[in-house]
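One structure below.
The values are calculated or read from the model by the stated rules, or taken from the named source; none is laboratory data. Since we're looking at a predicted model, the values are computed, not measured. With ideal geometry, Cβ positions are generated from the backbone for all residues, glycine too; neighbour counts draw on all protein chains shown.
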Amino acid sequence: MPSRAQVAGAIQGVIGDKLPQRLQTSMHFIGGDKPLKGHVVLFVHGSADTEAGWQAKKGELNFGDQLLLDFGVASVYVRYNSGLAVSENGEKLATLITEFTEKHRAVRKLTLIGHSMGGLVIHSALYHAQAQKLRWIKKVEQVFLIGTPHAGAPLAKIADQGEQILQFIPNPITLIAASVVGLRSRGLKDLSRGEGGLPAGGNVLLPRVRYVFIAGGVQKKRGGVINRLLGDGMVREPSAHRRAAEAGPRLAKLIPYLNSRAKVFVETVPGAGHLALRHSPAVYGVISGYFRA
């Protein structure tokens, strides 16, 4: 049975930017109340989700708990209104991290982990932090982006294109349908654009930061036809891997993006659907393999 917070997260993902202000979730951290020091991991959930999406059910793997056991690092979770524009949420996150690091001055290192839309929000937050010369940006050493639709999510694109087509049909019914489709949140519309909806087109990677792009695949067979066509069911592999996919699977693991001093790695986890990526032992294996405590 979904919790009240999960239901609210789903509603905000769909129409969150249109709700009265009093019903909108203000971005805040879950788990940052106690004094923290050293290395902290910040988890950012995806569209129509909450921090509860990272919490494991019985028999599932909780990344935050496992990172604490394996590396001794604390985890903090972001809750936000995913119906707002990705860029707006990114700017809010940049401000929130500033407040967090001022409160927890003993924190010297930050790792950011985002799932789906959460990865786009992280890109946006880093852009705003860099543009505003925020101090915390120097604490970021590694970023993990799990199932993030850099080229846009296919379902979101279909909704976007459907709205445009319906608007041009001179029929009252189709115009009403277009209006209903058009009611979807700015956040969902941004999902159809991927990096295109980010400041500077998302073309900013921080120098000296390690980026790990992780794609899922519904088919267990690595490189299978279904995985190439559908990816994790929501995000295709080239989109999750960003433009590194253009260099080919072998070179993409070895070379950074052009015009960037960032360290870039791409990985694919077959047999893991979009939502399952948040608890997949194979995904955690990738994270732990690249993780620097």
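Report yes if some residue within the range 20-27 is outside any loop (DSSP other than H, G, I, E, B) and touching a residue at least 12 places away in the same chain (Cβ under 8 Å); otherwise report no.
So far as the range 20-27 goes, no, none of its residues is outside any loop (DSSP other than H, G, I, E, B) and touching a residue at least 12 places away in the same chain (Cβ under 8 Å).
Report the residue count in the range 1-27 for those that are at pLDDT 90 or above and either exposed (fewer than 15 other Cβ atoms within 10 Å of the Cβ) or in contact with a Pro (Cβ under 7 Å, 6 or more places away or on another chain) (or both).
1
Among the residues that make up the range 183-201, is at least one of them touching a Lys or Arg at 6+ places or on another chain (Cβ under 6 Å), crowded, with 19+ Cβ neighbours inside 10 Å and at pLDDT 90 or above?
No, the range 183-201 contains no residue that is touching a Lys or Arg at 6+ places or on another chain (Cβ under 6 Å), crowded, with 19+ Cβ neighbours inside 10 Å and at pLDDT 90 or above.
Quick test of your reading of the structure: residue 109 fulfils all but one of (1) in contact with a His (Cβ under 9 Å, 6 or more places away or on another chain); (2) modelled with pLDDT of 95 or more; (3) farther than 21 Å from residue 135 by Cβ. Name the failing condition by number.
Every condition holds for residue 109 apart from (3).
Tell me, yes or no, whether the range 198-220 has at least one residue that is of a type in the set (Lys, Arg), assigned to a helix (DSSP H, G or I) and in contact with a Gly (Cβ under 9 Å, 6 or more places away or on another chain).
Looking through the range 198-220, none of the residues is of a type in the set (Lys, Arg), assigned to a helix (DSSP H, G or I) and in contact with a Gly (Cβ under 9 Å, 6 or more places away or on another chain).
Under 7 Å between Cβ atoms, at least 6 apart or on separate chains: pull out the pairs that start in the range 130-145 with a residue that is of a type in the set (Phe, Trp, Tyr) and end on any residue that is part of a strand (DSSP E or B).
So the pair list comes out as 136/110; 144/113; 144/212; 144/214.
So which of 73, 78 is crowded, with 23+ Cβ neighbours inside 10 Å and either more than 23 Å from residue 20 (Cβ to Cβ) or in contact (Cβ under 8 Å) with a residue 40 or more places away in the chain (or both)?
78
One line per residue, one yes/no per condition, for (1) buried (at least 18 other Cβ atoms within 10 Å of the Cβ); (2) farther than 23 Å from residue 139 by Cβ:
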residue: 45; (1), (2): yes, no
residue: 59; (1), (2): no, yes
residue: 62; (1), (2): no, yes
residue: 82; (1), (2): yes, yes
residue: 103; (1), (2): no, no
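Could you run through the range 263-278 and say how many residues are of a type outside the set (Lys, Arg) and outside any strand (DSSP E or B)?
Final tally of qualifying residues: 6.
In the range 134-148, is there at least one residue being aromatic (Phe, Trp, Tyr), under 26 Å from residue 280 (Cα atoms), at pLDDT 70 or above and touching an Asp or Glu at 6+ places or on another chain (Cβ under 9 Å)?
Checked the range 134-148: no residue is aromatic (Phe, Trp, Tyr), under 26 Å from residue 280 (Cα atoms), at pLDDT 70 or above and touching an Asp or Glu at 6+ places or on another chain (Cβ under 9 Å).
Could you list, in sequence order, all residues of the range 248-289 that are among the hydrophobic types (A, V, I, L, M, F, W, C), farther than 17 Å from residue 234 by Cα and either buried (at least 18 other Cβ atoms within 10 Å of the Cβ) or at pLDDT 90 or above (or both)?
Passing the criteria: 252, 264, 265, 266, 282, 286, 287.
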